[in-house]
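Read the structure below first, then the notes.
The values are calculated or read from the model by the stated rules, or taken from the named source; none is laboratory data. Note that the structure is predicted; figures quoted are calculated from it, not measured. Here Cβ is always computed from backbone atoms with ideal geometry, including for glycine, and neighbour counts include all displayed protein chains.
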Amino acid sequence: MKPRRETLTKKDLCDEIAARTKQSRAVVRLIVQEFLDGIVERLNKGQRLEFREFGVFEIKQRAARRAQNPKTLEPVNVPAKRTIKFKPGLKMRQMLEPAPASATTAATKASREMIHEASRDAGAVAREPGRAALGRDRRGEMPTVEIPARAATRA
C-alpha cells in the first residue's frame, strides 16, 4: 500500500504565510491569487517565467500525431496542443535530491581511484595480508595494492 501524500492547498499555504509574516489571511490570499493569476496570464501569452533557484515555467508546443486506441487498435488523430513545462531550479533540485555524498565519501572514492591507477601501473598481484583488492580490471583480473603498515593494522 502506497504511503498517503499530504496535499498542501492554497488556503493552507496562505495560512502559513500569514502566520509567518503576521499579515491578515485576506491580504495574503489576495497576493497569492494575484501571483498565480500572473503566472497563468504570462504563460498564456507565451512568455517564459524564470524564478531563480526555484525553477522555470514555459509553454511547449506538442505536434499533432497519430496514436492507436489500445482497445480497438484503430488509429486515432491526436491534435497539436500547448503544454506547460516546468524545470526545477538548482535550490529546488538540491532540496529534492537525497543528501549529497559526504566529503569522506568523496575522499574515499578519490583514494580508491588513485590506488586503482597505482595498481594498474604496478600490475596485478595476488592477494596477501597487507594488500587490498580493488575490483576487477578490464582483463578480469583483481589488481591489488600495498597498504601502508599503519593502515593495514586498522583493517
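Report whether or not ARG82 is surrounded by 10 or more Cβ atoms within 10 Å (Cβ to Cβ), in contact with a helix residue (DSSP H, G or I) (Cβ under 6 Å, 6 or more places away or on another chain) and among the basic types (Lys, Arg).
On the way: surrounded by 10 or more Cβ atoms within 10 Å (Cβ to Cβ): yes; in contact with a helix residue (DSSP H, G or I) (Cβ under 6 Å, 6 or more places away or on another chain): no; among the basic types (Lys, Arg): yes.
Considered against the rule, which asks whether it is surrounded by 10 or more Cβ atoms within 10 Å (Cβ to Cβ), in contact with a helix residue (DSSP H, G or I) (Cβ under 6 Å, 6 or more places away or on another chain) and among the basic types (Lys, Arg), ARG82 comes out as no.
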With respect to ARG4, determine if the residue is in a loop (DSSP other than H, G, I, E, B), under 28 Å from the mean Cα position of the chain (by Cα) and among the basic types (Lys, Arg).
yes
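Only strands (runs of 3 or more DSSP E) wholly contained in the stretch 36-93 count here; list those with 3 or more residues that are more than 28 Å from the chain's Cα centre (by Cα) and not assigned by TED's automatic domain parsing to the domain that holds CYS14.
Values: elements: 49-51, 55-62, 65-68, 75-78, 81-88.
Per the criteria, 65-68, 75-78.
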Looking at the stretch 24-74, which of the residues that are in contact with a helix residue (DSSP H, G or I) (Cβ under 7 Å, 6 or more places away or on another chain) and small (Gly, Ala, Ser) is surrounded by the fewest Cβ atoms within 10 Å (Cβ to Cβ)?
SER24
Name the pairs whose Cβ atoms lie under 8 Å apart, with the first residue in the stretch 28-57 and of a type in the set (Val, Ile, Thr), the second in a loop (DSSP other than H, G, I, E, B) and loosely packed, with under 12 Cβ neighbours inside 10 Å, and 6 or more positions between them or separate chains?
VAL56/ARG48
So is GLU16 surrounded by 14 or more Cβ atoms within 10 Å (Cβ to Cβ), outside any loop (DSSP other than H, G, I, E, B) and either at pLDDT 95 or above or under 30 Å from the mean Cα position of the chain (by Cα) (or both) or not?
no
